[in-house]
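Asker: Dropping the structure in here first, questions after.
Derivation of every value follows stated rules applied to the coordinates shown; laboratory data play no part. This structure is a prediction, so every number in the text was calculated from the model and none was measured. As a convention, Cβ positions derive from the backbone with ideal geometry for all residues, glycine included, and neighbour counts pool all protein chains shown.
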Amino acid sequence: MSVIRKRFIAGAVCPKCQSQDTLMLWQKNAFDYLECKKCHYRQSQTVDGSDSHIKDKNLQIEIFTLK
């Protein structure tokens, strides 16, 4: 069993509740996940940064990228 390492993003602001320093980021399978610990807002994208897994572009709020 592998351990999933979740990292908080310093200074990041949640797009839903506008709270600062509550966003965490982790990778699982072929996806990057972003989640707010306060309001449970969640977003995902493929590790390579493409959004081909999103079927309806109108439902997409924001694409985030890792550096």
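Asker: Output the residue which, of all residues in the stretch 20-45 that are in contact (Cβ under 8 Å) with a residue 24 or more places away in the chain and among the hydrophobic types (A, V, I, L, M, F, W, C), is surrounded by the most Cβ atoms within 10 Å (Cβ to Cβ).
Answerer: In this case the residue turns out to be Leu34.
Asker: When only residues in the stretch 1-19 that are polar (S, T, N, Q) and exposed (fewer than 12 other Cβ atoms within 10 Å of the Cβ) count, which is farthest from Cys39 (Cα to Cα)?
Answerer: Out of the qualifying residues, it is Ser2.
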